[in-house]
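Asker: Encoded as structure tokens, here's the structure I'll be asking about.
The values are calculated or read from the model by the stated rules, or taken from the named source; none is laboratory data. Small disclaimer: the values here were computed from a predicted structure and weren't measured. Cβ: placed from backbone, ideal geometry, glycine included. Neighbour counts: every protein chain shown. The accessibility values were calculated without ligands, DNA or RNA, using every heavy atom of the protein model including side chains. Shrake-Rupley method; radii C 1.70, N 1.55, O 1.52, S 1.80 Å.
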Amino acid sequence: MRAPAKAGQDKALAGEPTRCGFVALIGAPNVGKSTLVNALVGAKVAIVTHKVQTTRALLRGIAIAGAAQLVFIDTPGIFAPRRRLDRAMVATAWGGARDADIVAVLIDAKRGLDPEAEAILGKLAEVRQPKILVINKVDLVPRPSLLTLTAGVTARENFAATFMLSALTGDGVGDLKAWLADHVPRGPWHYPADEISDAPLRSLAAEITREKLYLRLHEELPYRSTVATDQWKELKDGSVRIEQTIYVERESQRKIVLGKGGQTIKAIGAEARREIAQIVEAPVHLFLFVKVREGWGDDPERYREMGLEFPDD
Ligand SMILES: Nc1nc2c(ncn2[C@@H]2O[C@H](COP(=O)(O)OP(=O)(O)OP(=O)(O)O)[C@@H](O)[C@H]2O)c(=O)[nH]1
Ligand SMILES: [Mg+2]
């Protein structure tokens, strides 16, 4: 995905050697990885909700800082997986860390060292790359408890640097970006200067609909559904016609997604359409279909579509 032409990204400084590096953001579900990727990129490339396990697959968000191109890898939250989809997401997250030059470990300042954070710290010894600690959501806690938490974490693991920031307010995000710009390897940029995401628009559009689904639906339903873009057609009048399918596992779930008189699906569609139209900068006609696909969570085809490896068992 490209930045709108007027976004005015910094150009590489003449004479200064270019740098380029992959920075993976890992952490427990809901610590704010996707929010931070969006803040670092300066545009919404990843979906964010208040619910855990929003991100399902790796997504690269790209930013320029001086002569450096920073490629951020947003990963699914790491937790104790049960279902096949959960296992695929967690394996993907660790895989994202293995492929990076620098690994940023996020901890939620408010939740502190809970069992999920502990479990991740326990596995960090296996990560060979330089690690940095990012304590996020500093807007939610008083400073003294932040310092105690940071001291506790840094005593456990060797981090190249520590940042305390708020991905939501943007406080401290610039310092992290500047540090990374100085520490990623020297080398040519991997992507064109105006590229802000490696995901095609049709995937982002499916993700946006999934975000609206997460926001509207409750309990297990968001986790039992997935969204695919089936058709993307630019029409002669400049508008875009998009068809998407929401897959659920049972007829009872399909009824809930539709809502009374189709109200729920209508609201989800209206919200998604508005946001997709903003991104593509054109009027959008969005058609949503809800299909029951029993056991889509065990269907390799759905995993391919989501960009996930299909775990064998
Ligand atoms: N107060 C506050 N809330 C934040 C901050 N960063 C993220 N959040 C909120 O935390 C929630 C989770 O954010 P996400 O970015 O989706 O978290 P994530 O780590 O990507 O979650 P998964 O994809 O589920 O692993 C959202 O409601 C965000 O608005 C922050 O700095 N301060
Ligand atoms: Mg996320």
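Asker: Just from its helices, what would the mean residue ellipticity at 222 nm be for the chain, if runs of 4 or more DSSP H residues each count -39500 (n - 2.57) and the sum is divided by every residue, rounded to the nearest 500 deg cm²/dmol?
Answerer: Dividing the helical sum by the residues of the chain leaves -10500 deg cm²/dmol.
Asker: Suppose the chain between residue 129 and residue 251 were pulled fully straight at 0.36 nm per residue; how much longer would it get relative to their current alpha carbon spacing?
Answerer: Value of the extension gain: 39.3 nm.
Asker: Another question about this same structure. Need one number: nm distance between label points at residue 234 and residue 147, each 7 Å from Cα along Cα→Cβ, rounded to one decimal.
Answerer: 5.6 nm
Asker: May I pose another question? With a cut-off of 8 Å between alpha carbons and a minimum separation of six or more residues, what is the relative contact order of the chain in percent?
Answerer: 20 percent
Asker: Which distance in Å, rounded to a whole number, links the C-alpha centroids of the range 123-160 and the range 217-258?
Answerer: 38 Å
Asker: Which loop-located trypsin sites (Lys or Arg not before Pro) does the range 224-298 contain, where loop means any DSSP state but H, G, I, E or B and the Cβ has at most 13 other Cβ atoms within 10 Å?
Answerer: Answer in residue order: 236, 250.
Asker: List, in order, the whole-Hz ³J(HN,Hα) value for each residue of the range 37-50 obtained from phi through the Karplus relation with A = 6.51, B = -1.76, C = 1.60 and θ = phi - 60°; use x for Gly and Pro.
Answerer: Along the range 37-50, the couplings run 4, 4, 5, 5, 7, x, 7, 7, 10, 10, 7, 9, 9, 6 Hz.
Asker: Rounded to whole Å and sorted largest first, what semi-axes of the equivalent ellipsoid does the C-alpha gyration tensor of the chain yield via the square root of 5 times each eigenvalue?
Answerer: So the three semi-axes of the chain are 33, 25, 17 Å.
Asker: Pop out the carbon and sulfur fraction of the accessible area of the chain as a percent, whole number, probe 1.4 Å.
Answerer: It is 52 percent, rounded to a whole number.
Asker: Let me ask something additional. Which length gain, in nm to one decimal place, applies between residue 299 and residue 83 when the Cα-Cα distance is subtracted from 0.36 nm times their residue separation?
Answerer: 76.5 nm
Asker: Check the straight Cα-Cα distances from residue 291 and name the lysines below 22 Å, setting aside those fewer than 8 residues away within the same chain.
Answerer: 212, 233, 255, 260, 266
Asker: Pairs of lysine in the range 1-123 with Cα under 22 Å and at least 8 positions apart or on different chains: total?
Answerer: Number of lysine pairs found: 8.
Asker: Among DSSP beta bridges lying fully in the chain, give the percent that are antiparallel, nearest 5.
Answerer: 35 percent
Asker: Hey, another quick one. Volume per residue, Å³, of the convex hull around the alpha-carbon atoms of the range 68-196?
Answerer: 127 Å³
Asker: Further question on the same structure: Which listed residue (136, 222, 149) has the Cα farthest towards the positive end of the charge dipole for the chain, taking +1 on Lys and Arg C-beta and -1 on Asp and Glu C-beta about the Cα centre?
Answerer: 222
Asker: Using modelled backbone amide H atoms (1.01 Å from N, in-plane), which distant-in-sequence or interchain residues come within less than 5 Å of residue 28's amide H?
Answerer: Distant-sequence amide H within range of residue 28: 78.
Asker: Hey, what do the phi angles of the range 80-93 turn into as Karplus ³J(HN,Hα) couplings, whole Hz, using 6.51/-1.76/1.60 and θ = phi - 60°, x for Gly and Pro?
Answerer: Values per residue, Gly and Pro as x: 7, x, 10, 7, 4, 4, 4, 5, 4, 5, 5, 4, 5, 4 Hz.
Asker: Pick from 207, 249, 234 the residue whose mean-square fluctuation is largest in a GNM of the chain, springs joining Cα atoms under 10 Å.
Answerer: Highest fluctuation among the options: 234.
Asker: A follow-up question, please. Expected output is a single nm value to one decimal: the length gained when fully extending between residue 292 and residue 2, i.e. 0.36 nm times separation in residues minus the C-alpha distance. What is it?
Answerer: Full extension of this stretch gives 101.0 nm more.
Asker: Could I ask something else about it? Which of the listed residues, 174, 184, 119, is farthest toward the dipole's positive end in the range 96-213, when Lys, Arg count +1 and Asp, Glu count -1 at the beta-carbon?
Answerer: Farthest along the dipole direction, towards plus: 119.
Asker: Let me check the size of the range 180-307 from its C-alpha atoms; what are the radius of gyration and Dmax in Å?
Answerer: 17.2, 58
Asker: Another question, then. In Å², what does the accessible area per residue of the range 1-121 work out to with a 1.4 Å probe?
Answerer: I get 36 Å² per residue for this part.
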